[in-house]
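S.K.: Pasting a structure below so you can have a look.
Read-outs throughout are calculated quantities, based only on the coordinates presented, and are distinct from any laboratory measurement. All figures in this text were calculated on a predicted structure; none of them were measured in a lab. Positions of Cβ are generated from backbone atoms using ideal geometry, with glycine treated the same way; all protein chains shown enter the neighbour counts.
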Amino acid sequence: MSVLLQAKDLAAHYGASQALFGVNLSVREGEVVALMGRNGMGKTTTVRTLCRIMRQSGGTIHFAGQDLSQVPSHRAARLGIGLVPEGRRCFPNLNVFENLVAAARINIWSQDWTMESVTALFPRLGERRNQSASSLSGGEQQMLAIGRALMTNPRFLILDEATEGLAPTVRAEIWDAIRQIKASGLSILVVDKSLKELMQIADHCVILERGASVWTGAPVDLGTDIRDRYLGV
Ligand code: ATP
């Protein structure tokens, strides 16, 4: 499998305050990578720099052979990076159908995701197609946020806390959808607090500690010593 995304020695600042001090991670084609670490360790900041919402202040990011250093966020989306941001943002005044249509894009590398395939993945979105996004439950809004990212037909999907704050049954539905998305062959970076599900789906884990990657390996190698030290579980 070839490397799709490679970040080396990433540094990032919020004003004068440094948040990332050297993040290294790579994602191969078709692979699911779990980005882990306790609260405030830099996961969302890493996601923001990968999507170009934030500029890195050091290091490099290569995606599909291209240097992303000077690429603004709208071009990152066009290059095939799909983000499901923390806080599941959708257009509240548009209905489900309009939210999905507004995101739609056909790319040379993928035409897999259409209104039909997204509503097959999340039947509830099909049932609620004429309802405004603001009237959906939290879980349905999360499904819509994932559906919107898929409608861009990305070649790399980033899920930042996609199951946060949801009831266990809804979380299970979202994990089931993520497994189906993985099975479609899409490369995924996933940030989540549910260690058990992450371990089941990830091919590879990267742990952040105070803005730097400190451990990389397969889920089977993530022993209790590493969990105790870096994840506090
Ligand atoms: P969480 O799981 O709590 O979301 P995280 O691992 O995603 O945590 P980040 O949100 O990336 O961590 O935060 C990394 C560091 O950057 C923290 O010290 C945080 O306080 C700081 N930080 C995050 N957002 C901002 C901001 N908008 N302005 C200033 N500092 C910020």
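S.K.: So which GluC sites (Glu not before Pro) in the range 1-91 end up in coil per DSSP with only 15 or fewer other C-beta atoms within 10 Å? Intermediate values should be presented prior to the final figure.
M.R.: Details: sites: 29, 31, 86; in loops: 29, 31, 86.
Passing both the DSSP loop test and the Cβ count: 29.
S.K.: When a/c reaches 1.5 or more, the comparison of a/b and b/c decides; with that in mind, is the range 157-233 rounded, prolate or oblate per its Cα gyration tensor? Could the numbers behind the result be given before it?
M.R.: Numbers: a/c = 1.86, a/b = 1.48, b/c = 1.25.
Verdict is prolate for the range 157-233.
S.K.: Run the quick spin-label model on residue 1 and residue 28: label points 7 Å from Cα toward the beta carbon, then report their separation in nm to one decimal.
M.R.: Each label point is offset 7 Å from its Cα along the Cβ direction, giving 0.6 nm.
S.K.: Using a simple charge model, +1 on the beta-carbon of Lys and Arg, -1 on the beta-carbon of Asp and Glu, nothing else, what dipole does the range 1-102 show about its Cα centre, in debye to the nearest 20? Mind showing how you got there, number by number?
M.R.: On the way: 11 positive and 6 negative charges, 40 e Å.
My answer is approximately 200 debye.
S.K.: Here is a follow-up. Looking at the range 9-57, which trypsin sites (Lys or Arg not before Pro) are DSSP coil and have at most 16 other C-beta atoms within 10 Å of their C-beta?
M.R.: Answer by residue number: 38, 55.
S.K.: Find which of 119, 136, 95 sits farthest along the positive direction of the dipole of the range 78-204, computed with +1 on the beta-carbon of Lys and Arg, -1 on that of Asp and Glu, about the Cα centre.
M.R.: Of the candidates, 95 comes out farthest on the positive side.
S.K.: With label points built 7 Å along Cα→Cβ from the Cα atoms of residue 14 and residue 172, find their separation and express it in nm.
M.R.: Taking the two extended label points, one gets 3.6 nm.
S.K.: Still on this model: Mind giving me the FRET efficiency for residue 220 and residue 109? R0 is 25 Å, r the Cβ-Cβ distance, nearest 0.05 is fine. Intermediate results must be reported in sequence, preceding the final value.
M.R.: Values: r = 31 Å, r/R0 = 1.23.
Taking R0 as 25 Å, the efficiency between residue 220 and residue 109 is 0.20.
S.K.: Pull out the extension gain between residue 195 and residue 97, defined as 0.36 nm times the separation in residues minus the alpha carbon to alpha carbon distance; nm, one decimal.
M.R.: 32.0 nm
S.K.: A further question on this structure: What's the Kirkwood radius of the range 1-118 in Å, using all Cα pairs?
M.R.: Result for the range 1-118 stands at 15.9 Å.
S.K.: Under a Cβ-only charge scheme (Lys and Arg +1, Asp and Glu -1), can you give me the dipole magnitude of the range 133-176 about the Cα centre, in debye to the nearest 20?
M.R.: 180
S.K.: Could you give the length gained by full extension between residue 74 and residue 89, i.e. 0.36 nm per residue of separation minus their alpha carbon distance, to one decimal place? Write out the running numbers ahead of the final one.
M.R.: Working: separation 15, 0.36 × 15 = 5.40 nm, distance 1.61 nm.
Working it through step by step, the gained length comes to 3.8 nm.
S.K.: Mind running the shape call on the range 81-168? Use the C-alpha gyration tensor, a ≥ b ≥ c as the square roots of the eigenvalues: rounded below 1.5 for a/c, prolate if a/b tops b/c, oblate otherwise.
M.R.: oblate
S.K.: OK, next. Would you mind checking which residues have amide H under 5 Å from residue 57's amide H? H placed 1.01 Å from N; only 5 or more apart, or other chain.
M.R.: 11, 12, 13
S.K.: Please label the shape of the range 41-88 as rounded, prolate or oblate, based on the square roots a ≥ b ≥ c of the eigenvalues of the alpha-carbon gyration tensor (a/c under 1.5 means rounded; beyond that, a/b larger than b/c means prolate, else oblate). Mind dumping the intermediate values first?
M.R.: Numbers: a/c = 1.97, a/b = 1.18, b/c = 1.67.
It is oblate, given that a/c is not under 1.5 and a/b is not larger than b/c.
S.K.: Note down the magnitude of the dipole of the chain about its Cα centre, charges +1 on Lys and Arg C-beta and -1 on Asp and Glu C-beta and zero elsewhere, to the nearest 20 debye. It would help to have the intermediate numbers written out before the result.
M.R.: On the way: 25 positive and 22 negative charges, 104 e Å.
So the magnitude is around 500 debye.
S.K.: Tell me which of 21, 69, 230 sits at the most positive position along the dipole axis of the chain, charges placed on C-beta atoms (Lys, Arg +1; Asp, Glu -1).
M.R.: Toward the positive end, the furthest listed residue is 69.
S.K.: Report the percentage of all Cα-Cα pairs in the chain whose separation exceeds 23 Å, rounded to a whole percent.
M.R.: The calculated P(r) of the chain puts 46 percent of pairs beyond 23 Å.
S.K.: Let me ask something else about it. What residues have an amide H closer than 5 Å to that of residue 110, excluding those fewer than 5 places away on the same chain, when H is modeled at 1.01 Å from N in the peptide plane?
M.R.: none
S.K.: Further question: Select from 65, 223, 42 the residue whose mean-square fluctuation is largest in a Gaussian network model of the chain (Cα-Cα springs shorter than 10 Å).
M.R.: 223
S.K.: Toward the positive end of the charge dipole of the chain, about the Cα centre and with charges on Cβ (Lys, Arg +1; Asp, Glu -1), which of 46, 167, 110 goes farthest?
M.R.: 46
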